[in-house]
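All remarks here apply to the structure that follows.
We did not get these values from a lab; they are worked out from the coordinates using the rules stated. These numbers come from a predicted model, not from an experiment. So basically every Cβ, Gly included, is an ideal-geometry build from the backbone, and we count neighbours across all protein chains shown.
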Amino acid sequence: MATATAHARILFVDQSGELGGGELALLPVAVHYRERSAVVLLQDGPFRTRLEAAGVKVHLLADARVSGVRKTGALMGILRAGWPVFRQVRALAELARDYDLIYLNTQKAFVLGTLARIFVRKPVVWFLHDILSRDHFGRLQLRIVRTLAPFSDVTIVNSEAVADSLRTLTGRPDAPLELAYNGIDPTPFDLTVNTQRRALRAAIGVPTDAWCIGLFSRLAHWKGQHVLLEAVSQLLLGEHGALERRAFGGAGDRGNRSTERPARLPEIHVVFVGAALFGEDDYAARLRDVVARHGLQPRVHFVGFQDDIPAWMAAMDVIVHTSVAPEPFGRVVVEGMLAGKPVIAARAGGVTEIIEDHVTGLLTPPGDAPALSRALALLRRDPESAREFAQRGREVARRRFSETAYLEVVDTAIERALERAAAKTQVFPEQV
C-alpha cells in the first residue's frame, strides 16, 4: 500500500446492495482498506452481507424514493425525490466528517457524494464503471454528470471505452484519468473440480456428456439473453424454425440474415445464471414464455442468482456474453477466461480490450444471432480450437487482470487525491 494511503480513513459509497459488476469491483478495495474505513450503501442487499462477512464496516443510508430514481428517469421523478436526496446528502456529509477521503463507486453515489462536498470539504475519488451514453442514461442524468465531473479530484475508469465516453461527454479529450481494469482473484477458479461439474449438471437436468452453453448475467434486455436463444434455436431447429426476435422489441426482419446455415447440433443445453433486477421481471417472463412456446424447456435452464460463479462456470463447455449495447468492461468475460473456458463475446465497449478475436476467444457483432450461431457451431465442430482459445485466454486473464495490479492503480489514485487535498490545505487553509 502506498505511503500516503497506509493510514487513510476512506468512506466508500455505493448505490446498490446487489452484487453487480461495480460492487464486485469495490469489494477487494474495501477489504484492502477495511481496518480504518467503511462502506456506505444506499440500498440494502446481498452486497452488505458479503462486505460484513469480509470484516468491512457498513453504514446503510437507504431510502426507496432515492433508490427508485433510474439512470434513464424523467425530470419529475428526480424532482419528487428532491427532499429525500437532500437528506441523504446531509447524512452522507455527516458520516464523511470522520474520514479523510470519499470514494464514490457508482453514478448515484457520485452525484450524492459530490453534493455532500457543499457541507464537508473532503477529497473525492470517483470510480466510473459506466459508458456515459444514451444507451444507458437519460439526457438529464448525462447533463448532471457532465456538470459535476470536474469536481472529482481523481477519476478512475475500468476501460478505455468508458474513458472515451467521459471525455466525449465533458468535451475534455485530454482529461487525465486512471485506467484500472477490474482485478479478479483466480484462486476460486483454480479450485473447482469435476465432481462439482457433475453435481451441478445433475441438479438441473443437464446430461454429463451434453454440450453446455452458459450465460452469466442479470436477466435484462440489454444483456441480450434473447440473442442467445435465437442463436441456439437456429442450431436446434434450423433457420426457418428459429425464434422471432420481435418478441423482444426487435424489428423481426430476417432479410439481412446470412444464407449460410450452420449444421444442427443435437446435444446442446443453455444455462442462464442470473436473476431479473431493477424492474426487469417482464423481460425475464418473456424469455421463459418464448422457451415454453418453442418447446425448449428440456434444453434451456434458468437457475437464478448463484453465488459460486467459478463452480457454475466449471460446469459449462463455453461461456457466452451477448450484451446488445457496449459493455463498460466485461467482468464475466474475464471470469470465463479464468475458468479455462472458450468465450464468445459481443464486439463492443470494454470487451474489445479483453479478448483478441480468434486468439483468446471469439467476438461477434452485438445483437447478431446468426453470427453467434456460427461461432457456437465452430467451437462445437472444432474442439481443438476451443481448447486453444481457452488456454490462451486463461493465460492472458491471469496476467492482465490480476487483483494486485488493480489495487496498485487504486492505491495510486487515492494517494494522488490525498496529496492534492494536502497541497490545497497549505495554500488555502481557511477554505478547507
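Some observations on this one:
- Under the Karplus curve 6.51 cos²θ - 1.76 cosθ + 1.60, θ = phi - 60°, whole-Hz ³J(HN,Hα) for region 407-416, x wherever Gly or Pro sits: 5, 5, 5, 5, 4, 4, 5, 5, 4, 5
- Since only 325, 301, 227 are under comparison, the one whose Cα sits farthest along the positive direction of the charge dipole of region 187-400, derived from C-beta charges on Lys, Arg, Asp and Glu, is 301.
- An oblate overall shape is assigned to region 76-158, the ratio a/c of its alpha-carbon gyration tensor axes (a ≥ b ≥ c) being 1.5 or greater and a/b not exceeding b/c.
- The lysine pair count for the chain, using Cα distances under 24 Å and pairs eight or more places apart or on different chains, is 8.
- Placing +1 on each Lys and Arg Cβ and -1 on each Asp and Glu Cβ, with no other charges, gives the chain a dipole about its Cα centre of roughly 960 debye.
- Sorted by Cβ density within 10 Å, fewest first, the residues 190, 14, 282, 100: 282, 190, 100, 14
- Taking amide H positions as modeled 1.01 Å from N, with prolines and chain starts lacking one, the residues under 5 Å from residue 159 and 5 or more places away or on another chain are 180.
- Counted residue by residue at 0.36 nm each, then reduced by the alpha carbon distance between them, the extension gain from residue 187 to residue 420 reaches 80.2 nm.
- Against the empirical curve 2.2 N^0.38 Å, the C-alpha radius of gyration of region 83-222 lands at a ratio of 1.44.
- Euclidean distance between Cα centres, region 187-221 to region 339-356, Å: 19 Å
- Annotation: amide H of residue 300 within the under-5 Å range of 270, sequence separation 5 or more or interchain, hydrogens built in the peptide plane.
- Neighbour counts of other Cβ atoms within 10 Å put 364, 49 in the fewest-to-most order 49, 364.
- Highest-fluctuation residue, 268, 355, 144 considered, GNM on the chain with Cα pairs under 10 Å: 144
- The amide H of residue 10, built 1.01 Å from its N in the peptide plane, has 37, 38, 100 as neighbours under 5 Å, considering only residues 5 or more places off or on other chains.
- Across all Cα atoms of region 288-421, the radius of gyration (one decimal) and Dmax (whole number) stand at 17.5, 62 Å.
- Taking every alpha-carbon pair under 8 Å whose residues sit at least 6 apart, the chain reaches a relative contact order of 16 percent.
- For region 187-400, relative contact order (Cα pairs under 8 Å, six or more residues apart, normalised by length) works out to 25 percent.
- Using just its DSSP H runs of length 4 or more, each adding -39500 (n - 2.57), the chain gives a mean residue ellipticity at 222 nm of -13000 deg cm²/dmol after division by all residues.
- Global geometry of region 187-400, whether rounded, prolate or oblate, following the gyration tensor of its Cα atoms and the 1.5 cut on a/c: rounded
- Of all DSSP bridge pairs formed entirely within region 187-400, close to 5 percent run antiparallel.
- Annotation for residue 395 and residue 147: the two label points, set 7 Å from Cα along the Cα-Cβ direction, are 5.2 nm apart.
- Selected from 396, 13, 359 as most flexible by GNM, with the chain as the system and alpha-carbon contacts under 10 Å: 359
- Cα centre as origin, Lys/Arg/Asp/Glu Cβ charges: region 187-400 dipole, Debye: 220 debye
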